[in-house]
């Protein structure tokens, strides 16, 4: 699969697909355009992304894509079928600029916290202090934690940069905070 997909994690339906260089941002904008709830995930083209879903989630995804409800199936079979649906899902060819134009307003996200302005910080980890909750830098750490939990390994820096910039964060801030977060793992 050569593109990323947007999955509504409530229904486990694939609701968008992009192969743009900034596909995470494109899919976040597409989620806004299509009024997808805040509970969504953007997954990359590798099998490891789909393998991180539970068998129950994969079955729910299969049902949402086919309408056929199946109770039990061999996990590799349902994993391959879900990946096949993702591969065949129609790719939205629009760039992030075109999607913002289609949105009809500047792209913002309600998830984007206010920039950190000093004040008390939370616990110290690995030589770095974890940023205060509710701040932009804290959100970078949260995204890193979410991706670590989802994949059981330290996430790729580019993925974190894509996810953070899709939420409107400065890529330099995201890269710096990713490095600090990574050193605490």
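The values are calculated or read from the model by the stated rules, or taken from the named source; none is laboratory data. A quick note: this is a predicted structure, and the numbers were derived from the prediction, not measured. A quick note on method: Cβ atoms are made from the backbone with ideal geometry, for glycine too, and the neighbour counts reach across all protein chains shown.
Yes or no: the stretch 93-104 includes at least one residue that is at pLDDT below 80, in contact with a helix residue (DSSP H, G or I) (Cβ under 8 Å, 6 or more places away or on another chain) and surrounded by 12 or more Cβ atoms within 10 Å (Cβ to Cβ).
No, the stretch 93-104 has no match at all.
Taking the numbered list (1) over 22 Å from residue 105 (Cβ atoms); (2) touching a residue at least 60 places away in the same chain (Cβ under 8 Å) in turn, residue 18 passes all entries but (1).
When residue 153 is tested against (1) part of a loop (DSSP other than H, G, I, E, B); (2) surrounded by 12 or more Cβ atoms within 10 Å (Cβ to Cβ); (3) modelled with pLDDT of 80 or more; (4) not assigned by TED's automatic domain parsing to the domain that holds residue 23, exactly one condition is not met: (2).
Using the structure shown, decide if residue 159 is surrounded by 15 or more Cβ atoms within 10 Å (Cβ to Cβ) and under 19 Å from residue 26 (Cα atoms).
Considered against the rule, which asks whether it is surrounded by 15 or more Cβ atoms within 10 Å (Cβ to Cβ) and under 19 Å from residue 26 (Cα atoms), residue 159 comes out as yes.
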